[in-house]
Amino acid sequence: MSEVVKIFELERIFADLVVLWWDTKLCHWNIDGHQFPALHPLFESQYNALDDLADELAEHIRALGLKVPGRLSEYQKLADLVEADPNGSADEMVYALKRDYDQIRQDIETILSKNSSSQAVVTIDLLTRICTFAMHTSWMLGSSLPPQ
Ligand SMILES: [Fe+2]
């Protein structure tokens, strides 16, 4: 494998996207309260975007000649993220999802900082787009939280 980005790092980011995708779906389904009309569709747009990015990353892992981790039990072991509480308040859900996007962004920034001169152009481009989405979505979620 000529890629400089280590496959276990890609698998971890992939597992984090899958965990965050599922957590966002749970928040979409379980949200209650006056923020429901705004957050229910917002969460839907976010899990759809996560699905697209996870699909792209999975197919990139396959293009590198490797298999995609496929069992739910594997995702829990591979992922770094802590699951959101599907019974939490709307603000707790938003806070937990924002925390997860911030963590994914920081993880990718660490990977990219170690690989700035690598030949892994496609991998770096894909990770940069996931990082951009995580940063943008964290800002959106943070903007719907009360001032601290
Ligand atoms: Fe729905």
Exercise for the section: Please give the number of the condition Q106 fails out of (1) of a type outside the set (K, R); (2) under 16 Å from L141 (Cβ atoms); (3) crowded, with 20+ Cβ neighbours inside 10 Å; (4) at pLDDT 95 or above. Expected result: (3)
Practice task
Could you tell me which of the residues D55, D85 is at pLDDT 95 or above and out of contact with any Ser or Thr (no Cβ under 6 Å at 6 or more places or on another chain)?
Solution key: D55
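Considering only residues that are acidic (D, E) and under 11 Å from the mean Cα position of the chain (by Cα), look in region 99-148 and name the one that is farthest from C27 (Cα to Cα). Give the steps one after another, and end with the answer.
Initial filter on region 99-148 (acidic (D, E)): 100, 102, 107, 109, 125.
Going one step further and asking which of them are under 11 Å from the mean Cα position of the chain (by Cα), we end up with 100, 102, 107.
Values: D100: 13, D102: 18, D107: 23 Å.
Only one residue fits best here, namely D107.
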Handout entry: Every pair of residues 6+ apart whose Cβ atoms lie under 8 Å, when the first sits in region 32-48 and is among the polar types (S, T, N, Q) while the second is more than 12 Å from the ligand (Cβ to nearest atom) and not in a helix (DSSP H, G or I)
Key = Q35/S144
Practice task
State the number of residues belonging to region 23-44 that are outside any helix (DSSP H, G or I) and within 12 Å of the ligand (Cβ to nearest atom).
Solution key: 1
Handout entry: Members of region 66-100 that are under 14 Å from F14 (Cα atoms) and touching a Leu at 6+ places or on another chain (Cβ under 7 Å)
Key = P69, L81, D100
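Count, please, the residues in region 96-145 that happen to be of a type in the set (G, A, S) and within 15 Å of L81 (Cβ to Cβ).
Taking region 96-145 first, the residues of a type in the set (G, A, S) are 96, 113, 116-118, 120, 134, 138, 142-144.
Subsequent filtering for residues that are within 15 Å of L81 (Cβ to Cβ) retains 96, 134, 138.
Total meeting the criteria: 3.
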Exercise for the section: Check whether at least one residue in region 61-74 is touching a residue at least 12 places away in the same chain (Cβ under 8 Å), within 16 Å of L141 (Cβ to Cβ) and part of a helix (DSSP H, G or I), and report yes or no. Expected result: no
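Restricting the search to region 45-95, which residues are of a type in the set (S, T, N, Q) and within 16 Å of the ligand (Cβ to nearest atom)?
Of everything in region 45-95, those that are of a type in the set (S, T, N, Q) and within 16 Å of the ligand (Cβ to nearest atom) turn out to be S45, Q46, N48.
The values are calculated or read from the model by the stated rules, or taken from the named source; none is laboratory data. In this text the structure is predicted, and so the values were computed from the model without any measurement. Glycine gets a Cβ as well: all are built from the backbone with ideal geometry, and neighbour counts include every protein chain shown.
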